[in-house]
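Participant: Before anything else, here's the structure in question.
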Amino acid sequence: MFQFQYSTGRIARIPFALLCAFFACFAVRRNQTAKNAKQNAKVAEIVAILVAVIAQLSSSVIYAQSPTERARVPSGSTQTQKYEQEGVGVEFSMDPVPAGTGHAAKLLAGTEATIRFKIYDANTRKALNNLRPAAWLDLRDAGAVPGARECREKVQSFLQASFTRRPSLDLNSYFILALNNEPNISVIDPLSGFGGTKLITLVALPSPGEDWVMSADKKRLYVSLPRTNQVAVIDVANWKVVANVEAGVNPSRLVLQNDGRYLWVGNDAANETDSGVTVIDTTTLKVAARVSTGLGHHEIVLTPNDRSAFITNKESGTLSVVDGRSLTRVKDIKVGALPVSLAFSALSQAVYVANEGDGTVFAINSARFETLAKLPTAPGIRTVRISPDGRYGFVVNQATSVVYIFDLSTHRLAHTVPVGSKPDQITFTQQFAYVRAAGSEFVTMINLAGLGKEAAISRFPGGQKAPQDSLHASLAGAMVPAPEPGAVLVANAADKMIYFYTEGMAAPMGSFQNYKREPRAILVLNNSLRETEPGVYSTNVRLTGAGTYDVALLLDTPRLVNCFNLTIAENPDHPKEQAVPIKVEMLPGDTALRVGKEYKVRFKVTDAKTNQPKPDLEDMGVLVFLAPGIWQQRAWAKPAGNGAYEMSFVPPEPGVYYVFFQSPSLGVKLNQIQSVTLTATKDESK
């Protein structure tokens, strides 16, 4: 399967619509056979290469600007800075996020802050909506705010996916998280990489995860660990497990309250006493309550105000209602045989329970806990989900390989849609419902716009193998919407790959390796600027070191480039990192990294303060190891003149290789300089 570096999310080097149109010119007609799917993939591979070439050429565009105003503010101030260019105005501000009940007066290293860009028509003051601004924070060595030319050059350097020129903070990135069959989570950067790899880190877990949920502020990730009866709590800022909370017997399904106060954990225990839910206080990470509800697997759904929690008890055939304030069980509702899935509709204010054993779907009033309707289908239903507008309910049937679509305003069946073998998961974009089939590599798309009249469908291959070919499954979803509109990410554990698909294509536009691991489920962590109110684009960031920063902003349409000024103060409560006296920059390699062939690691060492080369270091050490640590090689690099150094190694097998640097005489340890990741592939010429 082909790979390419997808860059639209970072910045619109080519307008997205144009990119899609370019692909459409090469699209082949949709075919249902595996043979034609492979042919489509080959065509898409050629197209991806052409797009990469065009994207590279487009990065050389010169951004002309004629600034009419550039406001300066005192060092350390969070006052609004304004900039206007060719009829477009921008107001930039960055404010501390108060910790607890206190109020932070200034920006401090190691704390949270909210960055905002208000973009408007300079003549009418009307907010400019639906833009895709790109921004970076970059530590300034010295001097004043860069001028127009220097700012353009800085932005140009950030657009190149390179280890040699990276900003301090990239505000345009998103990460793909893969919950693996192994006890770890892959963190993949789909927008940039060095040496062909996009793996940022692996988060080690005590045991394999089953389900996960991200906090609304994107600071914490919670993962259920059934084998060790725990929930792992991960700090997203540094990808470290900060706690492993005891979460009852066999914790599986996780649901976080809308207000973030409690984490609800389903306990699929064999005995009735331990079978139910554990409620964890997310502030103290202590168990707030344990509630026995009934036997069997438990699905959980909460009302939007968190007043009530509904829990299925598969073997008991009941739906339990737990009060969200007292954390006590208040009612058990007898539903159909083997309730396996839950969904809540804000439009009808009802909870929908899918019963696998008899094929009925119960609609339960979420306030009075009364049955509103019983929707008949056929035994074998698996998953129930609600469309984004709340109007339609989708229910998949693994036994008959169809999707039932109900009009929730009337609780009547609207459509029965045939899909792939053994459908098991559903996700939505604004225009389509995506249905994964465990017994087929194809994903079925159902157009939401025509529902009620017709259910128009199309398909695309979500890999080369059927998901059921993998022995590893998960409660968590293997399909999620991508940050780009009209696009989804599909994890295929059998292929050990993650695929990127955009609507209108006959095949996925690209794929991301998971480096021999089976991605059982995926999540997207979107760190990019988002339109939080009309014309206001913002995001929360964790500030790194103290110093003076350039905040580079780029708008593609309308075209605008500017660098704002920002100062982050020292934090007396934040441990100060020891300054590293040198910088290491990778130099282009002579050859690609191939298994069994010598590869020369070339890099340049400069003084961190003066940027002057550091030649003739006799103890410039290099450590290379194959993830996850099954092979390693250490060596002293040889000087190659003018601060350049070389070290060679022969990769023994395909995989991801980490390269670390040290210099004992300068007090530089292996973990103080950012490592480089390289990917070794087999030599296809043999």
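The values are calculated or read from the model by the stated rules, or taken from the named source; none is laboratory data. As the structure is a computational prediction, the values presented were derived from the model and not from experiment. Virtual Cβ from ideal backbone geometry, glycine too; neighbours counted across all protein chains shown.
Participant: Take SER224 and tell me if it is assigned to a strand (DSSP E or B), modelled with pLDDT of 90 or more and farther than 30 Å from ARG116 by Cα.
Facilitator: In short, yes.
Participant: Determine which single condition THR677 fails, assuming it passes every other condition in (1) outside any helix (DSSP H, G or I); (2) modelled with pLDDT of 80 or more.
Facilitator: Failed condition: (2).
Participant: Here is a follow-up. Which residues, taken from the range 356-366, are in contact (Cβ under 8 Å) with a residue 40 or more places away in the chain and within 20 Å of VAL322 (Cβ to Cβ)?
Facilitator: Of everything in the range 356-366, those that are in contact (Cβ under 8 Å) with a residue 40 or more places away in the chain and within 20 Å of VAL322 (Cβ to Cβ) turn out to be PHE362, ALA363, ILE364, SER366.
Participant: Looking at (1) crowded, with 17+ Cβ neighbours inside 10 Å; (2) under 20 Å from LEU199 (Cβ atoms); (3) touching a Leu at 6+ places or on another chain (Cβ under 8 Å); (4) at pLDDT 90 or above, which one does PRO652 not meet, given that it meets all the others?
Facilitator: (1)
Participant: So which of ASP616, ASP607 is farther than 17 Å from VAL676 by Cα and either at pLDDT 90 or above or surrounded by 12 or more Cβ atoms within 10 Å (Cβ to Cβ) (or both)?
Facilitator: On the way: ASP616 fails: either at pLDDT 90 or above or surrounded by 12 or more Cβ atoms within 10 Å (Cβ to Cβ) (or both).
From the options ASP616, ASP607, the qualifying one is ASP607.
Participant: What number goes with the only condition from (1) surrounded by 20 or more Cβ atoms within 10 Å (Cβ to Cβ); (2) over 19 Å from GLN513 (Cβ atoms) that ALA473 does not pass?
Facilitator: (1)
Participant: Separate question: Can you say whether LEU413 is touching a residue at least 60 places away in the same chain (Cβ under 8 Å) and over 22 Å from HIS298 (Cα atoms), as far as the supplied structure shows?
Facilitator: Details: touching a residue at least 60 places away in the same chain (Cβ under 8 Å): no; over 22 Å from HIS298 (Cα atoms): yes.
The answer is no for LEU413.
Participant: When you look at VAL580, is it in contact (Cβ under 8 Å) with a residue 60 or more places away in the chain, assigned to a loop (DSSP other than H, G, I, E, B) and crowded, with 16+ Cβ neighbours inside 10 Å, yes or no?
Facilitator: Taking the combined requirement at face value, the residue satisfies it.
Participant: State all residues of the range 499-541 that are in contact with a helix residue (DSSP H, G or I) (Cβ under 9 Å, 6 or more places away or on another chain) and either part of a loop (DSSP other than H, G, I, E, B) or not β-branched (Val, Ile, Thr) (or both); if no residue qualifies, say none.
Facilitator: The answer is GLU503, GLY504, MET505, ALA506, ALA507, PRO508, MET509, GLY510.
Participant: I'd like to check something: does the range 440-454 contain any residue that is over 30 Å from ASN130 (Cα atoms) and in contact with a Pro (Cβ under 7 Å, 6 or more places away or on another chain)?
Facilitator: yes
Participant: Given the options THR312, THR328, name the one that is at pLDDT 95 or above, of a type in the set (Ser, Thr, Tyr), assigned by TED's automatic domain parsing to the domain that holds ASN250 and in contact with a His (Cβ under 8 Å, 6 or more places away or on another chain).
Facilitator: THR312
Participant: Just to be sure I understand, how many residues within the range 587-623 are part of a strand (DSSP E or B) and either in contact with a helix residue (DSSP H, G or I) (Cβ under 9 Å, 6 or more places away or on another chain) or of a type outside the set (Phe, Trp, Tyr) (or both)?
Facilitator: Qualifying residue count for the region: 12.
Participant: Quickly run through the range 116-128 and pick out the residues that are among the small types (Gly, Ala, Ser) and either free of Cβ contacts under 8 Å to residues at least 60 places away in the same chain or not in a strand (DSSP E or B) (or both).
Facilitator: Within the range 116-128, just ALA122 meets the criteria.
Participant: Quick check: anything in the range 342-355 without any contact (Cβ under 8 Å) to a residue 24 or more places away in the chain, farther than 16 Å from GLU299 by Cα and among the aliphatic types (A, V, I, L, M)?
Facilitator: Among the residues of the range 342-355, not one is without any contact (Cβ under 8 Å) to a residue 24 or more places away in the chain, farther than 16 Å from GLU299 by Cα and among the aliphatic types (A, V, I, L, M), which makes the answer no.
Participant: Oh, and also: Could you please let me know if LYS218 is buried (at least 19 other Cβ atoms within 10 Å of the Cβ) and modelled with pLDDT under 95?
Facilitator: It is false that LYS218 is buried (at least 19 other Cβ atoms within 10 Å of the Cβ) and modelled with pLDDT under 95.
Participant: Just wondering, is there one or more residues in the range 156-168 that are modelled with pLDDT of 90 or more and either crowded, with 19+ Cβ neighbours inside 10 Å or assigned by TED's automatic domain parsing to the domain that holds ASP235 (or both)?
Facilitator: Applying the first criterion (modelled with pLDDT of 90 or more) to the range 156-168 yields none.
Looking for residues that are modelled with pLDDT of 90 or more and either crowded, with 19+ Cβ neighbours inside 10 Å or assigned by TED's automatic domain parsing to the domain that holds ASP235 (or both), one finds none in the range 156-168, hence no.
Participant: Hey, can you tell me all the residues within the range 542-558 that are in a strand (DSSP E or B) and crowded, with 17+ Cβ neighbours inside 10 Å?
Facilitator: Those that are in a strand (DSSP E or B) and crowded, with 17+ Cβ neighbours inside 10 Å: THR548, TYR549, ASP550, VAL551, ALA552, LEU553, LEU554, LEU555.
Participant: Still on this structure, I have one more. Determine which member of the set VAL443, VAL395, VAL417, VAL384 is in contact with a Lys or Arg (Cβ under 7 Å, 6 or more places away or on another chain) and either buried (at least 17 other Cβ atoms within 10 Å of the Cβ) or part of a helix (DSSP H, G or I) (or both).
Facilitator: Step by step, each of VAL443, VAL395, VAL417, VAL384 is checked, and only VAL443 is in contact with a Lys or Arg (Cβ under 7 Å, 6 or more places away or on another chain) and either buried (at least 17 other Cβ atoms within 10 Å of the Cβ) or part of a helix (DSSP H, G or I) (or both).
Participant: Something else about it: (1) part of a strand (DSSP E or B); (2) closer than 13 Å to SER275 by Cβ; (3) not aliphatic (A, V, I, L, M): which one isn't true of LYS331, the others all being true?
Facilitator: With (1) part of a strand (DSSP E or B); (2) closer than 13 Å to SER275 by Cβ; (3) not aliphatic (A, V, I, L, M) applied to LYS331, the lone miss is (2).
Participant: Determine if the range 406-420 includes at least one residue that is of a type outside the set (S, T, N, Q), within 22 Å of VAL524 (Cβ to Cβ) and in contact with a Ser or Thr (Cβ under 9 Å, 6 or more places away or on another chain).
Facilitator: No - not one qualifying residue is present in the range 406-420.
For every residue, the table says whether it meets (1) at pLDDT below 95; (2) more than 24 Å from the chain's Cα centre (by Cα); (3) buried (at least 18 other Cβ atoms within 10 Å of the Cβ).
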site: ARG261; (1), (2), (3): no, no, no
site: ASP268; (1), (2), (3): no, yes, yes
site: GLU272; (1), (2), (3): yes, yes, no
site: GLY276; (1), (2), (3): no, yes, yes
site: ASP281; (1), (2), (3): no, yes, no
site: VAL287; (1), (2), (3): no, yes, no
site: SER292; (1), (2), (3): no, yes, no
site: LEU295; (1), (2), (3): no, yes, yes
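Participant: Just name the residue that is farthest from the chain's Cα centre (by Cα) out of those in the range 338-376 that are under 11 Å from LEU319 (Cα atoms) and part of a loop (DSSP other than H, G, I, E, B).
Facilitator: Checking each candidate, the answer is PHE369.
Participant: Filter the range 450-461 down to the residues that are modelled with pLDDT of 95 or more and more than 18 Å from VAL402 (Cβ to Cβ), then identify the one that is surrounded by the most Cβ atoms within 10 Å (Cβ to Cβ).
Facilitator: Selected residue: PRO461.
Participant: I need every pair where a residue in the range 129-156 that is in contact (Cβ under 8 Å) with a residue 40 or more places away in the chain has its Cβ under 7 Å from the Cβ of a residue that is in a strand (DSSP E or B) and polar (S, T, N, Q), sequence separation at least 6 or different chains.
Facilitator: Taking only residues 6 or more apart or on different chains, the pairs are ARG140/THR548; VAL145/ASN565; CYS151/ASN562.
Participant: Residues that are touching a Lys or Arg at 6+ places or on another chain (Cβ under 7 Å), part of a loop (DSSP other than H, G, I, E, B) and crowded, with 18+ Cβ neighbours inside 10 Å: does the range 405-413 have at least one?
Facilitator: yes
Participant: Tell me which residues, restricted to the range 642-673, are free of Cβ contacts under 8 Å to residues at least 40 places away in the same chain and in a loop (DSSP other than H, G, I, E, B). Steps first, answer last, please.
Facilitator: Our first condition is that a residue be free of Cβ contacts under 8 Å to residues at least 40 places away in the same chain; within the range 642-673, this holds for 642-643, 658, 660, 669, 671.
Those that are free of Cβ contacts under 8 Å to residues at least 40 places away in the same chain and in a loop (DSSP other than H, G, I, E, B): ASN642, GLY643, LYS669, ASN671.
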